[in-house]
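Have a look at the structure below, then the notes.
Quick note: the coordinates plus some simple rules give every number you see, no bench work behind them. Source: prediction; values computed, not measured. FYI the Cβ positions are ideal-geometry reconstructions off the backbone, even for glycines, and counts take in every protein chain you see.
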Ligand code: IMP
């Protein structure tokens, strides 16, 4: 078994990647989370792009654990806000991880923006850094949609209750988790890593 670290404490992300490996019939890779390796200091996310943050996290994880390491960074880009909250999605209201305040602030900012200009996309960059390898792999996933005016649904997290994916009328918080995984920004990015993980499995 080749051990690969997914540099996250989010149990949902770990389960999602493990499900994808299984669905792809990819055996020989064991995915570990940060809780399963010795603790190391985690640097704050200071990058200007999702890719910079993902690569920095994967590099730190690979350098300290010696394991091939994957990290992701994601967020919501709103066209009427020139791509913001972007890399600031998790701390848009000033408090890291306060999903309710972040969503409420964004809705208030968009109050006067007409329906025709409420387009947005969830974006995810995922990086794979293998100790000793010269190349760092970075892949992207995007999920386009629009923002509604009032939250709906209880699945998911973050901005899911106000994001309606293209071609749907439900918010992403109203989608069953497996349906979201199949089309989401993170699902797309992680799936793009599968061929690279296959190569690691040998
Ligand atoms: P991170 O990549 O886990 O650091 O997530 C960054 C932030 O982007 C989260 O705190 C959410 O606010 C937002 N975000 C990223 N992906 C999603 C998603 O799938 N649904 C809702 N919000 C998301």
Cα long-axis angle, helix 50-65 against the chain (0 to 90 degrees, to the nearest 10): 30 degrees
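Reported to two decimal places, what Rg/Rh ratio describes region 86-202 when computed on Cα atoms with Rh from the Kirkwood expression? All intermediate terms of the calculation are to be shown ahead of the outcome.
Values: Rg = 16.5 Å, Rh = 15.7 Å.
Using Cα coordinates only, the ratio equals 1.05.
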In degrees, nearest ten, helix 99-109 long axis to first principal axis of the chain (Cα): 40 degrees
Nearest 10 degrees, 0 to 90: helix 185-201 Cα axis against the chain principal axis: 10 degrees
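If you average 1/r over every pair of different alpha-carbon atoms in region 26-128 and take one over that average, what Kirkwood value in Å do you get?
Working: mean 1/r = 0.0645 Å⁻¹.
15.5 Å is the Kirkwood radius here.
Quick one: order 111, 196, 96 by neighbouring beta-carbon count within 10 Å, fewest to most.
Numbers: 111 7, 196 15, 96 12.
Sorted ascending by nearby Cβ count, the order is 111, 96, 196.
If the chain between residue 10 and residue 182 were fully stretched, how many nm would it gain, using 0.36 nm times the residue separation less the Cα-Cα distance? Let's see the in-between values first.
Values: separation 172, 0.36 × 172 = 61.92 nm, distance 1.84 nm.
Full-extension gain reported as 60.1 nm.
Which value at 222 nm does the chain reach when only helices count, each DSSP H run of 4 or more adding -39,500 (n - 2.57), with the total divided by all residues and rounded to the nearest 500 deg cm²/dmol?
Working: 5 runs with 64 residues, N = 202.
Dividing the helical sum by the residues of the chain leaves -10000 deg cm²/dmol.
Looking at region 1-134, what % of its DSSP beta bridges pair antiparallel, to the nearest 5?
Roughly 65 percent of the beta bridges in region 1-134 run antiparallel, per DSSP.
Please give the peptides 7-17, 179-189, 41-51 ranked by average Cβ packing (other Cβ atoms within 10 Å per residue), highest first, as a rough proxy for protection. Walk me through the intermediate numbers first.
On the way: 7-17: 17.0, 179-189: 20.1, 41-51: 13.5.
Listed from highest to lowest mean packing, they are 179-189, 7-17, 41-51.
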Separation of alpha-carbon centers, region 67-99 and region 16-33, rounded to whole Å: 26 Å
Residues in region 68-101 that a label on residue 157 would reach, taking backbone N under 14 Å of a point 7 Å out along Cα→Cβ: 72-76, 89-91, 96-100
Relative contact order (%) - region 37-161, alpha-carbon pairs under 8 angstrom, separation at least six: 26 percent
Choice from 141, 156, 94 showing the highest fluctuation, given a GNM over the chain with Cα pairs closer than 10 Å: 94
Equivalent ellipsoid semi-axes - Cα gyration tensor, the chain, angstrom: 31, 18, 14
Residues 60, 168, sorted so that the one with the fewest Cβ neighbours within 10 Å comes first: 168, 60
